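Any read-out appearing in this document is the output of simple, stated calculations on the displayed coordinates, not a laboratory observation. Worth saying up front: this structure is predicted, and the values here are computed from it rather than measured. With ideal geometry, Cβ positions are generated from the backbone for all residues, glycine too; neighbour counts draw on all protein chains shown.
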Amino acid sequence: MHPHRGFDILTYVLDGSDGFRHRDSLGGAQVYRGGSAQYMRAGRGALHEEFWETRPDRRTSIELFQVSPSTNNLHQMIKQLELESLFQVAFNEC
């Protein structure tokens, strides 16, 4: 596992990708397939890891990082999102 602290990460798995498995220090474990997304607020600190479930030429995702020092005191949060709710949650939760 590797750590994150003080920023938010939005990962969108592109259609056509077989996706990846995610595991985190909050006890979460989830599989993200093409068309789904993950929103993670690292807050005071979170450990996580991903394992791609496909060959390298099918590993397609986009990640956006927002550095937010003011979130250092917030609790960690990880949500799985579908495309329909992706932008609504990402912008409302920030």
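Data for the structure
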item: Peptides 23-34, 53-64, 1-12 ordered by average Cβ neighbours within 10 Å, highest first; result: 1-12, 23-34, 53-64
item: Karplus 3J(HN,Hα) series, Hz, for segment 57-67 with 6.51 cos²θ - 1.76 cosθ + 1.60 (x for Gly, Pro); result: 6, 10, 9, 10, 8, 10, 10, 10, 10, 10, 6
item: Projected-area mean, segment 2-83, by convex hull of Cα positions, square nanometres; result: 4.9
item: Extension gain, Leu14 back to Met1 (0.36 nm per residue minus Cα-Cα distance, nm); result: 2.3 nm
item: Segment Ser25-Thr60, extension gain: residue separation times 0.36 nm, minus the distance between their alpha carbons; result: 10.1 nm
item: Using θ = phi - 60° and Karplus 6.51 cos²θ - 1.76 cosθ + 1.60, couplings along segment 2-13 (whole Hz; Gly, Pro as x); result: 10, x, 9, 7, x, 8, 10, 10, 10, 10, 10, 8
item: Summed side-chain charge close to Gln76 - residues other than Gln76 whose Cβ falls under 12 Å, Lys, Arg +1, Asp, Glu -1; result: +2
item: Ser61 long-range amide H proximity, modeled H, under 5 Å; result: Leu14
item: Cβ-based net charge around Arg21, under 13 Å, with every Lys or Arg adding one and every Asp or Glu removing one; result: -2
